[in-house]
């Protein structure tokens, strides 16, 4: 087994009551500039990492918010039940979870590769150079 297969991405909420560990390398990393992510985060984008659900272990109580997803269905976001911090998404949807990189204990672990929903990007939210950009969701 390689070192990257054993790599741990740990993080959690502001108050520390909701924690997670994701094992292995994320399948994708990037910035989402969609309107929903901007509204949910109160910022210009959400930095995200995608992991297989089986790679993610979560401890603590969550509160969920749901909105309509771009491709139909629901977009599920998980917040700490105590402090309200936005921590991860996708629970109950499929076999993938989206960890929000701002919740990482070590911010240096995040290496964005893509920018999605750049059609919705606010002009003041500048996408870093070198990211592969998509107008909406990549296929």
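Tabulated data for the structure shown
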read-out: Search result, residues across the range 16-42 that are surrounded by fewer than 19 Cβ atoms within 10 Å (Cβ to Cβ) and in contact (Cβ under 8 Å) with a residue 40 or more places away in the chain; value: 17, 19, 27, 28, 35, 41
read-out: Condition check for residue 3: closer than 17 Å to residue 136 by Cα and modelled with pLDDT under 95; value: no
read-out: Subset tally (residues that are in contact (Cβ under 8 Å) with a residue 24 or more places away in the chain and surrounded by 11 or more Cβ atoms within 10 Å (Cβ to Cβ)) for the range 90-108; value: 12
read-out: Which numbered condition residue 111 misses (of (1) surrounded by 13 or more Cβ atoms within 10 Å (Cβ to Cβ); (2) under 24 Å from residue 138 (Cβ atoms)); value: (1)
read-out: Flag for residue 77 being within 26 Å of residue 125 (Cβ to Cβ) and modelled with pLDDT of 90 or more; value: yes
read-out: Residue within the range 120-132 that is surrounded by 15 or more Cβ atoms within 10 Å (Cβ to Cβ) and within 15 Å of the chain's Cα centre (by Cα) present; value: no
read-out: Hits in the range 115-135 - residues which are part of a loop (DSSP other than H, G, I, E, B), within 13 Å of residue 36 (Cα to Cα) and in contact with a strand residue (DSSP E or B) (Cβ under 7 Å, 6 or more places away or on another chain); value: 117
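The values are calculated or read from the model by the stated rules, or taken from the named source; none is laboratory data. The model shown is predicted, which means the values in this text are computed figures rather than measured ones. We place every Cβ from the backbone using ideal geometry, glycine too, and count neighbours over all the protein chains shown.
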